[in-house]
Amino acid sequence: MSTARPFAFHHETTAALNAPLDDAFAYLDDFRKLSSHMERSSGMMLGSKMEISTDREGGRTVGSRVAMRGKVLAIPLALEEVVVQREPPTRKAWETMSANLLVIGDYRLGFELEPTGPTCTVRVFIEYDLPSGALTRWLGALFAKAYARWCTEQMARDATRYFAPAGMIARAG
């Protein structure tokens with residue numbers, strides 16, 4: 001997969017999903033499920049959370065838009081993303097159109113699925129730049145790598161839990 005715009009940093013998380021490719025894609029294609037970690041209060045968000053909104057396509061077509069808004073320590077955060085790639089049932093990616101964040105700047109985020117017999121493997125990735133402001137660039141230099149790891153791990157972990165065999169882990173959502 002190639003991207004038209006290069007980003008300075010990259011992180012990815014890979015996980016086995018106990019699901020066929022089509023079921024895994026349907027789950028990951030839903031921004032509400034995929035980004036549910038952003039709607040929950042967390043230590044990485046300093047106890048805050050973001051509110052997700054989508055256009056009529058729900059982030060399920062190329063060109064579809066998603067927005068997130070929230071506050072961390074009373075500082076307003078906001079971002080708008082656009083889906084730039086969607087190839088069911090194997091891959092999807094989206095990029096920021098605008099971002100007002102503290103530790104990460106513009107980014108490309110997405111996933112790729114690979115069949116492994118009756119189940120599949122997911123690779124969640126983020127390619128990103130540091131923010132451009134002096135203070136936020138400094139914060140990004142300190143925390144962006146940890147945030148990128150947390151974000152991709154949360155997405156992979158939530159999908160793993162969702163498709164966990166019955167009785168192993170409570171099924172979410």
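Would you mind putting 73-86, 103-116, 136-149 in packing order, based on average other-beta-carbon counts within 10 Å, highest first?
Values: 73-86: 15.4, 103-116: 19.9, 136-149: 16.9.
Ranking, from highest mean packing down: 103-116, 136-149, 73-86.
In cubic angstrom, how much convex hull volume per residue do the alpha carbon atoms of segment 9-162 span?
Values: hull volume 14.5 nm³, N = 154.
Expressed per residue, the convex hull around the Cα atoms of segment 9-162 is 94 Å³.
On average over all directions, what projected area in square nanometres does segment 84-173 have, based on the convex hull of its Cα atoms? Don't skip to the answer; put the middle values down first.
Working: hull surface 28.9 nm².
Projected area, direction-averaged: 7.2 nm².
Coordinate-derived values only; no laboratory data. Since the structure is predicted, the reported quantities are computational estimates derived from the model, not experimental observations. Quick reminder, even Gly has a Cβ in these numbers, built from the backbone with ideal geometry, and neighbours come from all protein chains shown.
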